[in-house]
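To start, the structure under review is shown below, and the notes come after it.
The values are calculated or read from the model by the stated rules, or taken from the named source; none is laboratory data. Because the structure is predicted, anything quoted here is derived from the model rather than measured. Note that each Cβ is placed from the backbone with ideal geometry, even for glycine, and that neighbours are counted across all protein chains shown. Quick note on the areas: whole protein, heavy atoms, side chains included, nothing else; ligands and nucleic acids left out. Shrake-Rupley method; radii C 1.70, N 1.55, O 1.52, S 1.80 Å.
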Amino acid sequence: MADPLLEFFTQMDIQGGVVVKGEYAPKFDLDLYIQNYRGRTKFDRLLLIGRSSVKLCVEALKAALAEAKRGRDTRRYRDVFEYLHIAAPNDPDAVFDKKWVDRQDLANHEETQRLLTELKGYKNNLVKESIRMGNEDLAKHYEATGDLNAASEHYAKMRPDVSTAKHLIDVGKHLVRVAVQRKEWSMILPHLAKMTLGGQYPEEERNAQPFIRVATGIACLGLDKYYEAALAFLDADPTVPSKAYNELASRNDIAVYGGLLALATMDRKELQSMVLENQNFRTFLEPEPHIRRAVTMFVNGRYSDCIEILEGYRTDYLLDVYLQKHVSKIYAKIRSKCVVQYLIPFSCVSLDTLEKAFGSPEKPIEDELAVMIEEGVLEARIDGIARLVNTVKVDPRAQMQASALVSAENYEKQAIERLRRMAIAAADLELPLTKKQGVPQPLGLGADLSFGDQEIVMG
C-alpha cells in the first residue's frame with residue numbers, strides 16, 4: 001500500500017509547491033511559533049507549513065483544522081480537511097464534521113442578514129457614526145467568513161464617515177489586512193499612504209508606526225523591492241507592543257526579514273550603521289541572535305561563516321508565508337555579494353580555494369561564477385585549464401581621465417551653445433511675442449544673421 005504522506009507531497013510537488021523533506025527539520029517548535037500570531041494569519045501559516053514540511057505536515061494540518069473550527073470560515077475548514085484526509089486518512093481528526101459546517105453556514109447567513117438590516121436602518125437615520133460602525137461590523141463579519149471582496153468593499157465605505165484620527169487609522173489597517181490576505185501587494189502602499197496624519201496626532205501615529213512599517217516591508221517584499229523592504233523593517237519601533245501588528249508578523253519576523261533583506265541589498269558600511277548600530281533594530285534581533293551573527297560575520301569579512309549560519313535556517317524560512325517564494329533569490333544575492341567581496345583583495349584566486357569557501361553540493365562554484373560573470377555581477381575571467389579566477393581590475397587613473405574627457409566634451413558643447421545664443425541676441429534675431437496675440441513678430445528686411453564666420457543678409 002502506498003504511503004499517503006508520500007502521495008500527498010507528490011501532489012504538492014506536481015502543483016509547484018515547495019516541499020521541505022523530512023531530513024531538513026525546522027528549528028522552531030510549532031506550538032510556540034504559532035502563539036506569536038493572532039487573526040487569520042495563524043491559519044495561513046499553519047496551512048503553509050502543513051503543505052510544505054514533511055516533518056510537521058500532519059501536526060500543522062491538525063492544528064489548522066482546529067483553528068478553522070474556532071472561526072466561522074467553513075471554506076477554510078473544507079480545504080484543510082481535504083489536505084488532512086489525503087495526508088493522514090486514518091487519523092482520528094480526519095473525519096468531516098458536516099453538522100458543524102451546516103450549522104455554521106446557517107449562522108453565517110443569519111448574521112449577514114441581521115447586519116445588512118441594521119446597516120439599512122442606520123442609513124435611513126442618517127447618523128454617520130452609526131453608518132461607520134455598521135459598515136465595520138458587516139466588513140468584519142465578511143472577513144471572518146472568508147468573503148474578502150465584500151469585506152474590502154465595506155471597509156472602504158467606512159472612510160467617508162470617519163470622525164477621528166483613530167477611525168482613519170483603523171480603516172487603513174482593515175484595508176491593509178485584507179489586501180495582505182489577498183496578496184494584492186500593489187494595493188497596500190496606497191492604503192498606507194492614507195494613514196499618515198501629518199504629525200497632527202503624534203500619539204496615534206506612534207502607535208500605528210510599527211504596523212505601517214511592517215505592512216510597507218511586506219508589500220515591498222511581495223513586489224521584489226528588497227532594499228525598500230529592508231529599510232521599512234529596520235525602521236520599526238520596538239517600544240510598541242507586538243499586538244499592534246501581530247496579525248501580519250511577529251517581532252521575530254521583523255528581525256529575520258530586516259536582517260536577510262539588508263544582507264542581500266546593503267554594503268558593509270550600511271550594514272554596520274543601519275543594522276548592527278541601530279539601537280531600535282537590535283531590540284528585535286535579541287530573539288534571533290543568528291541573524292546578528294550572520295551580519296557581523298559579513299561585516300568582518302568571514303563570508304563562508306555568514307553563509308553557513310544562514311544555510312542552517314533555510315528550512316525555517318522556506319516555511320514562512322511571506323519569505324517562501326523569495327528565499328532562493330535572497331540567498332543567491334547574499335552568496336553573490338560574499339563571493340564578490342571575497343575576491344576584491346585578490347587579482348587571482350584558485351577555483352579549489354573558492355570551492356572550499358563557497359562550494360555547495362547542488363551547484364559547482366565554477367558554474368555559479370560563470371552565471372555571475374554573464375549577469376555582470378562579477379568582473380572576472382575563469383581560466384579553466386589552470387583552474388584560476390582572474391579578477392578584472394579597474395585602473396583608477398584611466399577611469400579618472402575618461403571622466404575628465406567626458407566632462408570636457410560636455411563643457412565644450414555648453415560653451416558653443418552659449419556663444420550661439422549670444423550671437424543671436426547681439427544680432428537682434430530673437431522673436432519676441434506680442435502682448436495681445438502672442439504671435440511672433442516677423443524679421444524686417446535688411447536684417448543680418450551672423451553665426452561665427454558666416455553672415456546672412458536678408459532682403
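Among all the lysines, which ones have a C-alpha under 23 Å from LYS27's C-alpha, if same-chain residues fewer than 8 places away are not counted?
Leaving aside lysines fewer than 8 places away in the same chain, those within reach of LYS27 are LYS42, LYS55, LYS62, LYS325, LYS329.
If you wrap a convex hull around the Cα atoms of region 346-391, how much volume per residue is inside, in Å³?
71 Å³
Just the accessible area per residue of the chain, please: how many Å² with a 1.4 Å probe?
Per-residue accessible area for the chain comes out at 55 Å².
Nearest 10 degrees, 0 to 90: what angle lies between the long axis of helix 98-125 and the longest principal axis of the chain (Cα atoms)?
Tilt relative to the chain: about 60 degrees.
For the pair SER163 and ASP137, what calculated FRET efficiency results from E = 1/(1 + (r/R0)^6), where r is the Cβ-Cβ distance and R0 = 22 Å, to the nearest 0.05?
Result of the calculation: an efficiency of 0.85.
Let me have the relative contact order for region 198-289, percent, based on Cα pairs under 8 Å that are six or more residues apart.
Dividing the mean separation by the residue count of region 198-289 yields 29 percent.
Taking the Cα centre of each part, how many Å lie between region 340-399 and region 400-426?
42 Å
Which of the lysines could be linked to LYS128 by a straight reach, that is with a Cα gap under 26 Å, when you skip same-chain ones fewer than 8 residues away?
Leaving aside lysines fewer than 8 places away in the same chain, those within reach of LYS128 are LYS120, LYS140, LYS157, LYS166, LYS173, LYS194.
Separation between the ARG421 and ASP224 pseudo-spin-labels, each 7 Å from Cα along Cα→Cβ, expressed in nm?
If labels sit at ARG421 and ASP224, their model points lie 4.2 nm apart.
If you fit an axis through the alpha-carbon atoms of helix 165-181 and take the longest principal axis of the Cα set of the chain, what angle between them do you get, 0 to 90°, nearest 10?
Here the helix axis deviates by roughly 80 degrees.
To one decimal place, what orientation-averaged projected area in nm² is obtained for the convex hull of the Cα set of region 314-354?
About 3.6 nm², averaged over all directions.
Calculate the radius of gyration of the Cα atoms of region 2-96 to one decimal place, then report Dmax, the largest Cα-Cα distance, as a whole number, both in Å.
Considering region 2-96 through its Cα atoms, Rg and Dmax are 12.7, 37 Å.
For VAL20, enumerate residues with amide H under 5 Å from its amide H, sequence gap 5+ or separate chain, H modeled in the peptide plane.
Answer set, sorted by chain and number: SER53, VAL54.
For the chain, what is the relative contact order in percent, using Cα pairs closer than 8 Å and at least 6 residues apart in sequence?
The normalised contact order for the chain reaches 9 percent.
Based on the Cα coordinates of region 164-340, what is the per residue volume of their convex hull in Å³?
106 Å³
Can you compute log10 of I(q)/I(0) for region 251-349 with the Debye formula, treating each Cα as one identical point scatterer, at q = 0.18 Å⁻¹?
The Cα Debye sum returns log10 ratios of -0.80.
Report, in degrees rounded to the nearest 10, the 0 to 90 angle that the Cα long axis of helix 289-299 makes with the longest principal axis of the chain.
Approximately 20 degrees, to the nearest ten.
Consider all pairwise Cα distances in region 125-251 and report the whole-number % of them above 24 Å.
27 percent
So which GluC sites (Glu not before Pro) in region 369-411 pass both tests, a DSSP loop state and at most 16 other Cβ atoms within 10 Å of the Cβ?
Here the sparse-neighbourhood loop sites are GLU375, GLU379.
Return the loop-located trypsin sites (Lys or Arg not before Pro) in region 323-423 (DSSP other than H, G, I, E, B) with at most 12 other Cβ atoms within 10 Å of their own Cβ; answer none if there are none.
Listed in order of number, the matching sites are LYS393.
Roll a 1.4 angstrom probe over the protein heavy atoms and tell me the percent of accessible area of the chain that is carbon or sulfur.
So the carbon and sulfur contribution to the accessible surface is 53 percent.
Looking at region 39-110, which chymotrypsin sites (Phe, Trp or Tyr not before Pro) are in a loop (DSSP not H, G, I, E or B) and have at most 14 other Cβ atoms within 10 Å?
Answer in residue order: PHE96.
Out of residues 5 or more away from ALA380 or on other chains, whose amide H comes under 5 Å of its own, with H placed 1.01 Å from N in the peptide plane?
Amide H neighbours of ALA380: VAL392.
Applying the Karplus parametrisation 6.51 cos²θ - 1.76 cosθ + 1.60 with θ = phi - 60° to the phi angles of region 222-237, what ³J(HN,Hα) value in whole Hz is obtained for each residue in order, glycine and proline being reported as x?
Taking θ as phi minus 60°, the curve returns x, 8, 6, 9, 5, 5, 5, 5, 4, 4, 5, 5, 5, 9, 5, 8 Hz for region 222-237.
Could you state the orientation-averaged shadow area of the convex hull built on the Cα atoms of the chain, in nm² to one decimal?
Over all viewing directions, the chain projects a mean Cα-hull area of 38.3 nm².
Please tell me the relative contact order of region 84-187 in percent, rounded to the nearest whole number, where contacts are Cα pairs under 8 Å and at least six residues apart.
Rounded, it is 18 percent for region 84-187.
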